[in-house]
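To start, the structure under review is shown below, and the notes come after it.
The values are calculated or read from the model by the stated rules, or taken from the named source; none is laboratory data. Model, not experiment: these values are computed from the prediction. No Cβ is skipped: glycine too gets one built from the backbone with ideal geometry, and neighbour counts run over all protein chains shown. Surface accessibility is based on the protein's heavy atoms, side chains included, excluding ligands, DNA and RNA. Shrake-Rupley method; radii C 1.70, N 1.55, O 1.52, S 1.80 Å.
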Amino acid sequence: MSAEQTPIQVPQLPESVADATVVALHRKPGDAVRRDELIAELETDKVVLEVNAPADGTLVDLAVAEGDTVHADDVLGHLGPAPAQAAEEAPAAGEHVEPEPDPASAEADEADAGDEGPEPEPVADAGSPPPPSPAVRRLLQEAGLSEDQVRGTGPDGRIQREDVERAQLAAGSGVGGKGDDTSRRPAADDAGRDSARAAAGAEPPAGGPRAAGERGTERVPMSRLRARIAERLLEAKQSTAMLTTFNEIDMSQAMALRGRYKDRFEQTHGIKLGFMGLFVVAATRALQRFPVINAALDGEEIVYHHYTDIGIAVSSPRGLVVPVLRDTGNASIADIERRIRDFAERAGNGKLDIDELRGGTFTITNGGVFGSLFSTPIVNPPQSAILGMHAIKERPVAVDGEVVIRPMMYVALSYDHRLVDGADAVQFLVAIKEAIEDPARLVLDV
């Protein structure tokens, strides 16, 4: 390495993460790059890390390939000085200088050049937008869109998840809940927005549809995050005495409250009013009444937490992640909704910080965004319980001796029976049911 070359190094990895995998290289040797331009993306078992150019220059070499395992401070490649502009270089004595081409003849030459074969692939210029993240590239592939068909609204014109969804809707694909007519899909759309697309979704298949009659198989290695999810779920099943209790909630009053104030709420706070904020506040109050459900087992000791940090399970293109809402007992519904939306957007782009995924005393997951009517969520150790929300469906129910149609949601509480008794679990779920069916309880704290 010459003295003028700058090493491009792996950043410091999060605590408890030993190594990372190179999942994408966005530049190749010889490319001109700008300072902070994306060079590579590294995947750990928790987050995706971006490696950016430390300065303007030319990428001299790359010491790694996609799929390689790297450690903190490893050198990924070297950055050399930016090439001098031709206009700034004075010709040496006796050096032949080409005359300036005539504009008319240059246009003719360009027209003739089309018959001579394809032009060499141009090097990305400094004004081109940064490439999309792996998660967004996967969405583009699934939607059948190219980068040229989507206008990026991110930093420097980078394509974001929302840009892909807008392009899908503009193309008439009907995919992407943000553009759905809420009057036609109140349950699925509302539940999806409120949970920030929360729930454990299956990872999409690597290959596209096959021709009719074609038989075959494809082997794709598990991502680090998917492998970690599998490990954690198996650990939960083997190390806890898990039991699930169920109830149903009449969402009439919550939906009426939302319908009455959603416009004013959005004008005041700059965020849409959903149901997840109500559920987080209701769960927080219930956790304060039943502290054992907010506790954890540590060997033969019970650890009671005097705070509520609630994890919201979010399905990202890479798999399930659970960012944590800190101190929900001191947060307003607007704060909660704003933070959930931020989590969902950054989870889709792999931008969540490792500290945002740590801890948590309780978890809420919502399978209703995908249409789930009933499920038994798995406890997230070392927590003692998890609340599962589901789709809102109109069903006949008995009210004051009469059969009426109401928007109903099944809810489930899975808990570690080693620590939580059935009576506490049932009463906890009833407390949430009562709060959502009569939202005034959340205001009056009764």
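General remarks:
- Dipole magnitude of segment 278-417 about its Cα centre (Cβ charges: Lys, Arg +1; Asp, Glu -1), debye to nearest 20: 440
- Under 15 Å, Cβ to Cβ, from ASN52 - net charge with Lys/Arg +1 and Asp/Glu -1: -2
- Among ILE249, ALA283, VAL303 - extreme Cα towards positive end, dipole of segment 225-350, charges at beta-carbon: ILE249
- Net charge of the neighbourhood of VAL430, taken over other residues with C-beta under 15 Å away and scored Lys/Arg +1, Asp/Glu -1, is -3.
- Close amide H pairs (under 5 Å, H built 1.01 Å from N) link LEU79 with THR6, ILE8, VAL60, residues at least 5 positions away or on another chain.
- Set LYS272/LYS351; LYS351/LYS393; LYS237/LYS351; LYS262/LYS433; LYS262/LYS351; LYS28/LYS351 screened for pairs whose C-alpha atoms are more than 27 Å apart: LYS351/LYS393; LYS237/LYS351; LYS262/LYS351
- Placing pseudo-labels 7 Å out from each Cα toward the beta carbon at ASP421 and ASP342 gives an inter-label distance of 4.1 nm.
- Backbone phi angles across segment 240-257, fed through the Karplus curve with coefficients 6.51, -1.76 and 1.60 (θ = phi - 60°), yield HN-Hα couplings of 10, 8, 7, 9, 10, 10, 10, 7, 10, 10, 7, 8, 4, 5, 5, 5, 5, 4 Hz in residue order; Gly and Pro are listed as x.
- Modelled FRET efficiency - R0 35 Å, ASP36 with GLU394, Cβ distances, 0.05 increments: 0.10
- Accessible surface of segment 268-339 [probe 1.4 Å, protein heavy atoms]: carbon and sulfur percent: 49
- In this rough spin-label picture, where each label sits 7 Å from Cα along the Cβ direction, the LEU234-ARG441 distance is 4.1 nm.
- Cut-off 11 Å between beta-carbons: net charge of the residues surrounding GLN160, Lys and Arg +1, Asp and Glu -1: +2
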